Amino acid sequence: MPRHLLNPMDFSVEELDKLMDLAGDIERNPDKYAHACDRKTLATCFYEPSTRTRLSFEGAMYHLGGHVIGFASADSSSASKGESVSDTIRIISCYADICAMRHPKEGAPLVASLKSRIPVINAGDGGHQHPTQTLTDLLTIRSLKGHLDNITIGLCGDLKFGRTVHSLIEALSRYENVRFVLISPPELRVPGYITEMLDHKNLQYREMQNLEEAIPTLDILYMTRVQRERFFNEDDYIRMKDFYILTKEKMKLAREDMLVLHPLPRVNEISVEVDDDPRAVYFRQAQYGMYIRMALILTLLGLEVQ
């Protein structure tokens, strides 16, 4: 049976460490892996728009020497004719060796995995999970901080619908002495199942609204956009979208070694003037995303490079 990645918790901490070690080796020795996926094919099945995640997967496979097939929206697939996810993955399994799937409905990649003959990677399902973004975040923090334990991380913005936030909190909850500061307006607070998990594990967290008050205490600030596509009411979106904007002035309150991450795309929640601050690492974060996806493809395909 193929192994899938549907949730960051599908990998143990030890497996995550091995995956990040492999990604680090890929970064340092890209030529070593240039033909690791010769004659292998990745299918990218994206039922909703994406730039970074889809291109990152495609770039990862090309840098491994493999091929890519797929579609970039539901409109350009047989889903527009009513084909089910289960039928689509059965067909894709005939053509490809591994599949990355993004879908607006929670649980769709899980449904696909139950019928697939090839590994399925969840590339984002609704407001639920985004495990490869979480792997990207973990690799970024570990590469630039040197460790994933003993940190205080602030997660700011849309914590209700932000699947990247949910996945990252779950993943970091397995490391020692990680403290969470959850910064959001009341309407966009993190879902109850997340705080229940933190309570169950007896982990430290604070929920607050004031970004300026939180910044001085943080090792990591993880900014997120308010996602228009998750709102049912346009007026609610307009009211929430400018709630937090990270500026140069606010960055003066932060520690000299604090890192600013963002899963991107950004709208206006981080001012462009912050981009020149060496603590703003969100574009480097995107680069790490390709390395970790290369490592994940190799791992799920069971390929080893000597």
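General remarks:
- For the peptides 142-153, 34-45, the ranking by mean Cβ contacts within 10 Å, running from highest to lowest, is 34-45, 142-153.
- Residue-wise HN-Hα couplings along segment 94-101, as the Karplus relation 6.51 cos²θ - 1.76 cosθ + 1.60 with θ = phi - 60° gives them from phi, are 7, 10, 10, 9, 7, 9, 10, 10 Hz; Gly and Pro carry x.
- Projected label distance in nm at R174 and E106, using a 7 Å step from Cα toward the beta-carbon: 2.1 nm
- Per residue, the chain reaches -11500 deg cm²/dmol at 222 nm when only DSSP H runs of four or more residues are counted, each adding -39500 (n - 2.57).
- Counting every C-alpha pair in segment 29-141, the share spaced more than 20 angstrom apart comes to 40%.
- Selected from S143, M223, L155, residue furthest toward positive end of dipole (segment 132-286; charges at beta carbon): S143
- Across segment 32-71 the C-alpha pair distances fall into 10 Å bins from zero in the proportions 33, 51, 16, 1 percent.
- Segment 132-286 - percent of accessible surface contributed by carbon and sulfur, probe 1.4 Å: 48 percent
- In terms of packing, defined here as the mean over residues of other Cβ atoms within 10 angstrom, the peptides 252-260, 3-11 line up highest first as 3-11, 252-260.
- When +1 charges are put on Lys and Arg Cβ atoms and -1 charges on Asp and Glu Cβ atoms, the dipole computed for the chain relative to its Cα centre reaches about 540 debye.
- Taken along its three principal axes, the alpha carbon spread of segment 132-286 comes to 41, 39, 30 Å, from the longest extent down to the shortest.
- Whole-number D in µm²/s for segment 84-212 (Stokes-Einstein; Kirkwood sum over Cα pairs; 25 °C, 0.890 mPa s): 152 µm²/s
- Long-range HN-HN contacts of I69 with modeled amide H, under 5 Å: L42, A43, T44
- Packing, taken as the mean count of other beta carbons within 10 Å per residue, orders the peptides 89-98, 208-217 from highest to lowest as 89-98, 208-217.
- Segment 296-301 - phi-based ³J(HN,Hα) in whole Hz, Karplus 6.51/-1.76/1.60, Gly and Pro as x: 5, 4, 4, 5, 5, 7
- Based on alpha carbons, the Rg and Dmax found for the chain are 19.1, 56 Å.
- With each label modelled as a point 7 angstrom along the Cα→C-beta vector, the R39-F283 pair spans 4.0 nm.
- Distant-in-sequence amide H partners of E207 (H built 1.01 Å from N, under 5 Å): L182
The values are calculated or read from the model by the stated rules, or taken from the named source; none is laboratory data. As the structure is a prediction and not an experimental result, all values here were calculated from the model. Positions of Cβ are generated from backbone atoms using ideal geometry, with glycine treated the same way; all protein chains shown enter the neighbour counts. Ligands, DNA and RNA are stripped out before the accessible areas are found, and what is left, the full protein with its side chains, is counted by its heavy atoms. Shrake-Rupley method; radii C 1.70, N 1.55, O 1.52, S 1.80 Å.
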